[in-house]
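Report on the structure given below.
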Amino acid sequence: MVDTLRRALDLLGGVVLGKDLQLRLSMACLLARGHLLIEDIPGIGKTTLAKALATVLGLDFKRVQFTNDLLPADVLGVSVFDAAESAFVFHPGPVFTNVLLADEINRGTPRTQSALLEVMEEQQVSLDNSTRLLPRPFFVLATQNALDQAGTYPLPESQLDRFLFRISLGYPDLDSELELLGRSQHGGRPVLPEAVTSADEILDLQEQVDHVRTSTPLLRYVRDLLEWTRAGGRFVNGLSPRAGQALVRAARAWAFLDGRDYVLPEDVQAVFPSLAVHRLRPAGGTPVDMAAVLEAVPIP
Amino acid sequence: MIHDKRRFSVVLAALAVAFAPHLLRVPLFVGAFVCAAWGYALGMQYRGWAVPPRWLRVILALACLALVFAWYGRSFGRDEGVALLSLMLGLKAIESKSVRDMLALLFLAYFVVVTNVLYSQGLVMSAYMIFSVLAVTAALVHLHSAQARLAPDLRRGAVLLAQSLPLALLLFVFFPRLPGALWGVQDDRDEGVTGFSDTLEPGSVSSLSLSAEVAFRVDFAGPVPDRDALYWRGLVLDSFDGARWFRALPFELAARDDVLPPDRVEYALTLEPHGKEWLFALDLPVAAPRGTVLRSDRTLASLRMVRSRMRFELVSAPVAGVSRAPGPEWTALPGEGNPQARELALGWKAAGLGTRAMIDAALALFRDGGFVYSLQPGAMEGDIIDQFLFASRRGYCEHYASAMTFLLRTAGVPARVVAGYQGGEMNPMGEYMIVRQSDAHAWVEAWDGGRWLRVDPTSVVAPQRLAFGAEAVTSPQGQGVDMPGGARILRRAARFFQLGWDAANNSWNQWVLGFSHDRQRSLWQRLGFDPSTREGAGKLAGLLALGLAVVLGAVFWFMLRSRRQPPDPVVLLYARFCRRMERAGLPRGAAEGPLDYASRIARERPELGPAVRDLVDAYAALRYGSGGDMDVFNRLVGEFIGRRF
């Protein structure tokens with residue numbers, strides 16, 4: 001099983017060049033049943049990442065481009081009266097998929113954003129007195145442009161919490177850049193690899209991740225980390241218990257990707273920056289390096 | 001079979017250290033059995049010899065028991081107990097199969113170490129016992145250690161012993177002591193030691209003069225009196241039967257002086273056991289310490305036989321108060337014998353000499369009559385006084401004292417022989433005085449002017465005896481023989497070590513063994529708790545109960561605390577590994593996980609990489625995973641710490 005994931009990561013590495021850590025985090029995010037927020041400038045490969053991920057894992061993929069006139073119905077779907085049937089027929093929105101790329105989510109109105117985020121949490125769509133389950137697994141990759149761009153609605157903090165990780169891809173390194181520039185086939189678009197697994201298998205893997213062992217000393221370490229973010233007034237708000245649970249889940253997924261059936265402090269440390277960076281707002285506005293947080297909390 | 005032969009050997013070595021002093025004390029068959037059993041036990045470990053079957057072991061145990069009782073055949077005491085204990089050491093060794101058995105052996109060894117005090121409590125034995133405890137403790141540590149090396153375990157054993165020292169001191173000072181010897185055990189060897197008997201005959205003092213054995217030691221509270229005043233009075237001999245002087249007259253207790261004389265000398269005298277009741281005190285004792293009586297002849301007697309080393313606080317003054325005039329029994333002599341001496345003395349009497357003049361006449365006779373002070377006066381029989389005075393003219397102090405007393409008594413002057421010691425050697429290393437058997441002496445007391453007057457005829461014959469001690473007379477130099485320079489230096493060095501050793505022993509006796517029931521009691525009294533009063537005893541009991549409550553409370557608290565946080569052996573071992581790496585210059589960061597740490601070590605010290613990786617994997621699996629093999633991890637850490645890099 002883990003071999004499948006390794007292979008998938010290898011294949012992805014051939015598409016998104018030089019971004020092994022981000023690929024791995026994305027994979028861990030998916031395995032931990034979380035959603036991923038990618039914050040970056042346009043044209044850096046966010047869509048490529050999302051598409052490639054969906055393809056390699058054999059998942060259904062859809063994409064929504066958020067604009068300020070996008071309505072919730074455009075995302076969730078809508079019931080339309082069918083005269084022939086004399087009944088309302090539900091037309092599912094793009095949300096009914098396995099992997100949803102919500103492009104430039106901060107361009108959408110808060111109302112639409114909320115609708116999507118609610119669905120992300122509930123994994124179901126409630127409309128017209130009926131509840132429709134989303135396909136599983138359900139994984140949202142939302143991208144967000146840097147916040148200083150005009151005409152955006154930044155996601156409120158309470159809603160940022162819905163994303164397990166926030167990562168940024170950043171510019172490719174020199175070698176990768178060179179390879180990217182040299183690509184000539186398909187007009188420079190990457191060749192998408194074939195699927196190595198399927199939705200059912202992913203569900204199975206998610207199930208296995210739940211059984212990765214977390215020992216008491218490790219949980220104590222996570223507790224100390226949470227405690228540290230809350231004490232001393234370093235941040236406006238410390239990490240919530242929900243964030244703590246998410247941290248444990250993410251660490252499990254990370255350990256699972258490593259082929260271990262137990263979580264080490266290193267796993268927690270590996271996922272902590274991506275998990276905490278959008279949840280912690282530094283008091284006084286001075287940015288706090290997440291690595292510094294890890295440095296400050298000793299492993300019991 | 002014990003998985004580790006080496007450990008078994010270490011345990012056996014510790015047992016051997018603990019048992020060694022007993023080897024000479026137990027009967028031969030016990031020693032032989034123990035050694036044979038240990039040999040067989042080693043064979044079991046190294047050669048795979050079979051463990052003796054249970055029935056054989058039972059028979060062996062019963063046989064040992066029967067043999068011990070058959071051998072001693074009397075009531076069960078110290079020697080029987082030690083013999084049995086020794087046999088158990090052997091028996092237990094040949095049935096040792098597990099670590100638990102080895103633990104039992106080691107605890108037995110502690111017990112064996114303790115039994116040594118039943119035989120000797122001296123400095124050497126105590127030092128050896130401490131060494132034995134260290135050996136056994138180190139073996140105990142080694143039994144639980146992962147390493148093959150012994151040195152760290154010895155170190156840890158020493159640290160444990162050092163840590164227990166405060167508690168031991170506290171118990172030593174405050175644990176209630178019983179009066180009398182330890183557990184009523186008598187040290188048999190103290191019987192039959194050299195010393196005075198209560199008779200004086202030619203040769204009885206000179207036989208002591210070659211013995212360097214210590215008679216007693218003295219600590220002076222103030223300045224040390226002059227050497228020629230150091231007459232240590234022991235016995236007053238009042239009767240003569242023609243051959244021997246002895247004690248026959250009934251004695252009374254001396255009147256108690258309420259006021260101590262101003263020129264008194266205060267000192268503490270530690271008497272070596274001599275099995276008799278008399279004590280020695282500087283001329284003349286004025287008060288009787290606890291447990292002794294002062295007789296009217298100004299000698300001290302203990303109420304108990306001096307069978308163990310005893311310490312007395314004494315007060316003496318050069319001149320005692322006036323006492324009652326002695327009766328005719330103090331001039332009594334046998335009806336006949338020694339006619340020449342009688343004639344001489346009666347001649348003095350007829351010439352109308354006073355007591356002083358007669359004493360002077362006797363001293364003049366000794367001084368000018370060609371008398372020689374000698375250890376080998378030759379055998380005498382019959383009229384020994386006549387033979388000495390008019391024939392041989394060679395004698396030791398007892399001859400002179402005896403002859404002079406005889407002369408004085410014949411002339412009608414009450415006189416008596418006093419036996420004791422004269423002189424003593426200051427030990428510069430302890431500022432105390434050693435009086436040896438060779439300082440044994442006898443002198444005369446004559447009644448004059450309402451008090452007993454000390455007269456020492458030896459002082460006119462051999463003045464150097466008083467000035468430098470008996471050795472000055474008996475040593476080759478004293479007898480005019482020259483010694484080569486090298487021999488003299490050697491002799492001086494030997495003397496130095498002898499005195500140093502004596503000083504060490506004396507301190508040990510004074511401060512450790514001498515801390516008796518009485519001294520503990522006086523310590524309580526000085527602290528304000530007099531156990532002899534009702535109130536003081538109540539306070540003392542309350543204090544002890546409080547102390548006990550504090551100690552128990554502390555123990556309980558520690559136990560409770562340790563229950564709350566059971567020390568995880570995995571964490572401890574990992575911490576040891578980290579300390580080792582820290583010493584190697586690669587300390588673990590507080591927030592550094594095990595795998596990260598291992599990779600960093602592998603980067604910095606590639607040669608350690610594989611070993612560290614294995615160790616850390618084992619640690620991670622044990623601490624964070626569900627499985628993991630503690631033994632493997634233990635071994636890995638042990639090996640890693642043991643390796644050099």
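The values are calculated or read from the model by the stated rules, or taken from the named source; none is laboratory data. All values reported here derive from a predicted model rather than from experimental measurement. Using ideal geometry, Cβ is built from the backbone for each residue, glycine included, and neighbour counts are taken over all protein chains shown. Remember, those area values only see protein heavy atoms, side chains included, never the ligands or the DNA or RNA. Shrake-Rupley method; radii C 1.70, N 1.55, O 1.52, S 1.80 Å.
Exactly one residue out of B:Val114, B:Val82, B:Val99 is touching a helix residue (DSSP H, G or I) at 6+ places or on another chain (Cβ under 9 Å) and surrounded by 19 or more Cβ atoms within 10 Å (Cβ to Cβ), and it is B:Val82.
Could you look through the stretch B:243-274, keep only residues that are in a loop (DSSP other than H, G, I, E, B) and in contact with a helix residue (DSSP H, G or I) (Cβ under 7 Å, 6 or more places away or on another chain), and pick out the one that is nearest to B:Ile384 (Cα to Cα)? Walk me through it before giving the result.
Here is the first cut: in the stretch B:243-274, the residues in a loop (DSSP other than H, G, I, E, B) are B:243-244, B:247-252, B:254-264, B:272-274.
Right, trim to in contact with a helix residue (DSSP H, G or I) (Cβ under 7 Å, 6 or more places away or on another chain) and you get B:243, B:249, B:273.
Details: B:Ala243: 7, B:Leu249: 23, B:Pro273: 32 Å.
Among residues in the stretch B:243-274 that are in a loop (DSSP other than H, G, I, E, B) and in contact with a helix residue (DSSP H, G or I) (Cβ under 7 Å, 6 or more places away or on another chain), the one nearest to B:Ile384 (Cα to Cα) is B:Ala243.
Only one entry in B:Glu266, B:Glu272 is in the same structural domain as B:Glu431 (by TED's automatic domain parsing), crowded, with 17+ Cβ neighbours inside 10 Å and farther than 19 Å from B:Val444 by Cβ, namely B:Glu272.
Yes/no per residue for (1) among the hydrophobic types (A, V, I, L, M, F, W, C); (2) outside any helix (DSSP H, G or I):
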position: A:Asn237; (1), (2): no, yes
position: A:Ala243; (1), (2): yes, no
position: A:Val248; (1), (2): yes, no
position: A:Ala253; (1), (2): yes, no
position: A:Asp267; (1), (2): no, no
position: A:Ala292; (1), (2): yes, no
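Please find, within the stretch A:227-255, the residue that is most open to solvent (accessible area, probe 1.4 Å) out of those that are among the aliphatic types (A, V, I, L, M) and modelled with pLDDT of 90 or more. Break it down stepwise before answering.
From the stretch A:227-255, those among the aliphatic types (A, V, I, L, M) are A:231, A:236, A:239, A:243, A:246-248, A:250-251, A:253, A:255; that's our starting set.
Next cut, modelled with pLDDT of 90 or more only: A:246-248, A:250-251, A:253, A:255.
On the way: A:Ala246: 5, A:Leu247: 0, A:Val248: 23, A:Ala250: 1, A:Ala251: 1, A:Ala253: 0, A:Ala255: 0 Å².
Filtering the stretch A:227-255 for residues that are among the aliphatic types (A, V, I, L, M) and modelled with pLDDT of 90 or more, the one most open to solvent (accessible area, probe 1.4 Å) comes out as A:Val248.
Only one of these is in contact with a strand residue (DSSP E or B) (Cβ under 6 Å, 6 or more places away or on another chain) and modelled with pLDDT of 85 or more: B:Leu314, B:Leu363, B:Leu346. Name it. Outline the logic, then answer.
On the way: B:Leu363 fails: in contact with a strand residue (DSSP E or B) (Cβ under 6 Å, 6 or more places away or on another chain); B:Leu346 fails: in contact with a strand residue (DSSP E or B) (Cβ under 6 Å, 6 or more places away or on another chain).
Just one listed residue meets the conditions, B:Leu314.
Would the stretch B:517-530 turn up any residue that is in a helix (DSSP H, G or I), closer than 18 Å to B:Ile434 by Cβ and without any contact (Cβ under 8 Å) to a residue 60 or more places away in the chain? No: the stretch B:517-530 contains no residue that is in a helix (DSSP H, G or I), closer than 18 Å to B:Ile434 by Cβ and without any contact (Cβ under 8 Å) to a residue 60 or more places away in the chain.
Scan A:Leu180, A:Leu219 and give me the residue that is within 14 Å of chain B (Cβ to nearest Cβ), surrounded by 13 or more Cβ atoms within 10 Å (Cβ to Cβ), in contact (Cβ under 8 Å) with a residue 12 or more places away in the chain and in a helix (DSSP H, G or I). Give the steps one after another, and end with the answer.
Values: A:Leu180 fails: within 14 Å of chain B (Cβ to nearest Cβ).
Step by step, each of A:Leu180, A:Leu219 is checked, and only A:Leu219 is within 14 Å of chain B (Cβ to nearest Cβ), surrounded by 13 or more Cβ atoms within 10 Å (Cβ to Cβ), in contact (Cβ under 8 Å) with a residue 12 or more places away in the chain and in a helix (DSSP H, G or I).
If you go through the stretch B:572-582 one residue at a time, do you hit one that is at pLDDT below 80, surrounded by 10 or more Cβ atoms within 10 Å (Cβ to Cβ) and among the basic types (Lys, Arg)? No, the conditions are met nowhere in the stretch B:572-582.
Listed here are the helices (runs of 4 or more DSSP H) enclosed by the stretch A:11-79 that have at least 2 residues being touching a residue at least 24 places away in the same chain (Cβ under 8 Å) and closer than 26 Å to A:Ala270 by Cβ: A:20-31, A:46-56. B:Leu284 falls short on exactly one of the conditions (1) within 23 Å of B:Ser522 (Cα to Cα); (2) of a type in the set (A, V, I, L, M); (3) over 25 Å from the mean Cα position of the chain (by Cα), and that condition is (1).
For the stretch B:14-34, filtering for residues that are in contact (Cβ under 8 Å) with a residue 40 or more places away in the chain, open to solvent by 30 Å² or more (accessible area, probe 1.4 Å) and under 11 Å from B:Leu87 (Cα atoms) leaves 2.
Would you mention how many residues in the stretch A:256-267 are open to solvent by less than 10 Å² (accessible area, probe 1.4 Å) and either more than 8 Å from chain B (Cβ to nearest Cβ) or within 15 Å of A:Asp161 (Cα to Cα) (or both)?
Of all residues in the stretch A:256-267, those open to solvent by less than 10 Å² (accessible area, probe 1.4 Å) come to A:257, A:263-265, A:267.
Restricting the remaining residues to those that are either more than 8 Å from chain B (Cβ to nearest Cβ) or within 15 Å of A:Asp161 (Cα to Cα) (or both) gives A:257, A:267.
Qualifying residue count, the stretch A:256-267: 2.
Of the residues A:Ala292, A:Ala253, A:Ala270, A:Ala296, the single one that is away from chain B (no Cβ under 14 Å) and of a type outside the set (Lys, Arg) is A:Ala253. Looking at the stretch B:611-620, which of the residues that are more than 56 Å from the chain's Cα centre (by Cα) and open to solvent by 20 Å² or more (accessible area, probe 1.4 Å) is farthest from the other protein chains (Cβ to nearest Cβ)? Across the stretch B:611-620, the extreme among qualifying residues is B:Asp614.
State whether the residues of the stretch B:601-608 include one that is hydrophobic (A, V, I, L, M, F, W, C) and either within 25 Å of A:Thr216 (Cβ to Cβ) or within 14 Å of another protein chain (Cβ to nearest Cβ) (or both).
Within the stretch B:601-608 (the criterion being hydrophobic (A, V, I, L, M, F, W, C) and either within 25 Å of A:Thr216 (Cβ to Cβ) or within 14 Å of another protein chain (Cβ to nearest Cβ) (or both)), the answer is no, since none of the residues qualifies.
Each residue in the stretch B:482-538 was checked for being among the aromatic types (Phe, Trp, Tyr) and within 27 Å of B:Leu171 (Cβ to Cβ), and 5 pass. Cβ-Cβ contacts under 9 Å between residues 6 or more apart (or on different chains), taken from a first residue in the stretch B:570-593 that is away from chain A (no Cβ under 12 Å) and free of Cβ contacts under 8 Å to residues at least 24 places away in the same chain to a second residue that is open to solvent by 50 Å² or more (accessible area, probe 1.4 Å) and outside any loop (DSSP other than H, G, I, E, B), are listed as B:Gly585/B:Glu604; B:Leu586/B:Arg600; B:Leu586/B:Glu604; B:Pro587/B:Arg579. Within the stretch B:159-169, is there a residue that is touching a Gly at 6+ places or on another chain (Cβ under 8 Å), assigned by TED's automatic domain parsing to the domain that holds B:Trp55 and under 26 Å from B:Leu636 (Cα atoms)? No: zero hits. Among the residues of the stretch A:80-109, which ones are touching a strand residue (DSSP E or B) at 6+ places or on another chain (Cβ under 7 Å) and in a helix (DSSP H, G or I)? Selection gives A:Ile105, A:Asn106.
Applying the condition of being in contact (Cβ under 8 Å) with a residue 40 or more places away in the chain and away from chain A (no Cβ under 14 Å) to the stretch B:621-638 and asking which residue is surrounded by the fewest Cβ atoms within 10 Å (Cβ to Cβ) yields B:Met630.
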